[in-house]
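Asker: Pasting a structure below so you can have a look.
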Amino acid sequence: MKKILVVGATGKIGNEVLRLLSQENDVEPIAAVRSIERGQEVLGADVPMQVLDLDDESTMNSALEGIDAALLLTGYTVDMLRQSKMFLDAASKQGVAHIVHIGASTSPTNEVGHWGWHQFVEAYIEKLDFTWTHLRPESFMQNVTGPGHRWLDGDVIRHFIGDARWTWIDCLDVAAVAAKCLAHADAFAGRIIPLGYDSATMNEVAATLSKVTGRTITHEAGDPEDFRNFAIEAGAEPAYITCVANQFKLDAAGLIPGAGQTFDGFEEIVGRAPVKWAEFAERELNTI
């Protein structure tokens with residue numbers, strides 16, 4: 001059995017990766033959790049778990065011992081650089097063979113800081129003795145409808161990107177690709193896979209949600225600086241949030257190269273079509 005460690009296992013993507021890996025032959029998925037108690041609360045008592053805290057280097061060697069492949073998915077702060085290096089150093093020491101890293105947009109711009117941070121992580125992965133697959137998702141549909149950071153406020157989508165066209169992906173589709181790349185590492189080693197399969201402005205998203213829900217859903221574009229200020233006041237990490245606010249400014253000004261571009265290859269990897277906005281809204285009706 002190939003042992004696969006899933007970092008971020010209690011989150012939306014990681015949880016789905018665990019579920020999909022459990023359906024693969026000859027694979028033993030293992031959840032990396034900060035505490036067994038919290039892991040069992042979210043995932044259930046029957047899921048194999050290892051304690052791994054990305055902020056505690058002492059937890060990494062034991063969690064990675066005997067692991068064949070690992071999903072690296074960090075939090076959204078500048079600490080992703082430190083966390084990733086510690087994790088990768090320990091993974092190399094323990095003989096992990098394959099790393100699947102979930103990064104960020106495939107746009108060539110150097111103006112969005114956190115996209116560059118992910119590319120530095122990718123470069124460090126390649127420097128070490130792993131085979132690797134880099135996943136570069138675009139904008140998550142769950143940002144509009146999902147709990148915790150929902151843009152949809154009643155019947156108004158409150159956003160900060162003006163009339164920009166974005167490339168969108170369902171988080172569960174990110175997980176579907178990640179699971180295949182982990183379970184079948186040989187087939188996907190050395191590949192950079194951009195992820196984004198629907199293209200829409202916020203006006204078009206609002207129209208789709210209106211059609212699916214039968215409500216009149218509108219949208220309002222705010223100032224990215226207001227987003228930055230209230231996000232920091234709410235406790236978000238300033239360096240990362242400043243990067244996101246800068247991205248919003250560039251989006252609104254039409255200065256992101258390739259914004260709105262969609263990508264091929266999902267069906268070849270997963271064996272089904274990717275989720276588009278209409279299907280996503282139908283599925284998420286109970287949350288929006």
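The values are calculated or read from the model by the stated rules, or taken from the named source; none is laboratory data. Everything numeric here is computed off the predicted structure, so don't read it as measured data. Cβ sites come from the backbone with ideal geometry, for glycine too, and all protein chains shown count toward neighbours. Protein only, heavy atoms only, side chains kept; ligands, DNA and RNA dropped before computing areas. Shrake-Rupley method; radii C 1.70, N 1.55, O 1.52, S 1.80 Å.
Asker: From the list D170, D163, which residue is buried (at least 20 other Cβ atoms within 10 Å of the Cβ) and either over 23 Å from the mean Cα position of the chain (by Cα) or at pLDDT 95 or above (or both)?
Answerer: Details: D163 fails: buried (at least 20 other Cβ atoms within 10 Å of the Cβ).
Criteria check complete, one pass: D170.
Asker: Sticking with this structure for a sec: Look through I4, I36 and report the one residue that is open to solvent by 10 Å² or more (accessible area, probe 1.4 Å) and touching a strand residue (DSSP E or B) at 6+ places or on another chain (Cβ under 7 Å).
Answerer: Details: I4 fails: open to solvent by 10 Å² or more (accessible area, probe 1.4 Å).
Going through I4, I36 in turn, the sole match is I36.
Asker: Restricting attention to the stretch 39-54, report how many residues are open to solvent by 70 Å² or more (accessible area, probe 1.4 Å) and either touching a helix residue (DSSP H, G or I) at 6+ places or on another chain (Cβ under 8 Å) or part of a loop (DSSP other than H, G, I, E, B) (or both). Step through it out loud before you land on a result.
Answerer: So in the stretch 39-54, the residues open to solvent by 70 Å² or more (accessible area, probe 1.4 Å) come out as 40-41, 45-46.
Going one step further and asking which of them are either touching a helix residue (DSSP H, G or I) at 6+ places or on another chain (Cβ under 8 Å) or part of a loop (DSSP other than H, G, I, E, B) (or both), we end up with 45-46.
Residues that pass the stated criteria total 2.
Asker: Just to verify a result, which residue in the stretch 251-268, among those that are surrounded by 20 or more Cβ atoms within 10 Å (Cβ to Cβ) and either in contact with a Gly (Cβ under 6 Å, 6 or more places away or on another chain) or at pLDDT 95 or above (or both), is farthest from T167 (Cα to Cα)? Break it down into steps so the answer makes sense when it comes.
Answerer: If we filter the stretch 251-268 for residues that are surrounded by 20 or more Cβ atoms within 10 Å (Cβ to Cβ), which is where we start, we get 251, 256, 259, 266.
Cutting the leftovers down to either in contact with a Gly (Cβ under 6 Å, 6 or more places away or on another chain) or at pLDDT 95 or above (or both) gives us 251, 256, 266.
Values: D251: 12, I256: 11, F266: 14 Å.
Filtering first and then ranking leaves F266.
Asker: Of the conditions (1) open to solvent by less than 10 Å² (accessible area, probe 1.4 Å); (2) over 20 Å from E282 (Cβ atoms), Q247 fails just one. Which one is it?
Answerer: Result: Q247 passes all but (1).
Asker: Hey, another quick one. Considering the stretch 91-135 alone, what residues qualify as being over 17 Å from the mean Cα position of the chain (by Cα) and open to solvent by less than 10 Å² (accessible area, probe 1.4 Å)? Before you say what the answer is, go through the steps one by one.
Answerer: The first filter runs over the stretch 91-135 and keeps only residues over 17 Å from the mean Cα position of the chain (by Cα), leaving 91-98, 108-111, 123-131.
Passing the criteria: A91, V96, H98, I125.
Asker: Quick check: is even one residue across the stretch 139-153 of a type outside the set (S, T, Y), assigned to a strand (DSSP E or B) and either within 12 Å of the chain's Cα centre (by Cα) or under 21 Å from L21 (Cβ atoms) (or both)?
Answerer: Restricting attention to the stretch 139-153, the residues satisfying the condition of being of a type outside the set (S, T, Y) are 140-144, 146-153.
Within this subset, residues satisfying the condition of being assigned to a strand (DSSP E or B) are 140, 152-153.
The next check asks that each one be either within 12 Å of the chain's Cα centre (by Cα) or under 21 Å from L21 (Cβ atoms) (or both); those that pass are 140.
Taking every residue of the stretch 139-153 in turn, at least one turns out to be of a type outside the set (S, T, Y), assigned to a strand (DSSP E or B) and either within 12 Å of the chain's Cα centre (by Cα) or under 21 Å from L21 (Cβ atoms) (or both).
Asker: Another question about this same structure. For G66, are the conditions met, namely being closer than 30 Å to T262 by Cβ and either in contact with a strand residue (DSSP E or B) (Cβ under 8 Å, 6 or more places away or on another chain) or among the small types (G, A, S) (or both)?
Answerer: On the way: closer than 30 Å to T262 by Cβ: no; either in contact with a strand residue (DSSP E or B) (Cβ under 8 Å, 6 or more places away or on another chain) or among the small types (G, A, S) (or both): yes.
For G66, the condition - closer than 30 Å to T262 by Cβ and either in contact with a strand residue (DSSP E or B) (Cβ under 8 Å, 6 or more places away or on another chain) or among the small types (G, A, S) (or both) - is not met.
Asker: Can you tell me which residue among W132, W151, W168 is among the hydrophobic types (A, V, I, L, M, F, W, C) and free of Cβ contacts under 8 Å to residues at least 12 places away in the same chain? First the steps, then the outcome.
Answerer: Numbers: W132 fails: free of Cβ contacts under 8 Å to residues at least 12 places away in the same chain; W168 fails: free of Cβ contacts under 8 Å to residues at least 12 places away in the same chain.
Only one candidate qualifies: W151.
Asker: Considering only the stretch 213-225, state which residues are modelled with pLDDT under 95 and part of a helix (DSSP H, G or I).
Answerer: Within the stretch 213-225, just T213 meets the criteria.
Asker: Only one of T59, T10 is in a helix (DSSP H, G or I) and in contact with a Leu (Cβ under 8 Å, 6 or more places away or on another chain). Can you tell me which?
Answerer: Working: T10 fails: in a helix (DSSP H, G or I).
The conditions single out T59.
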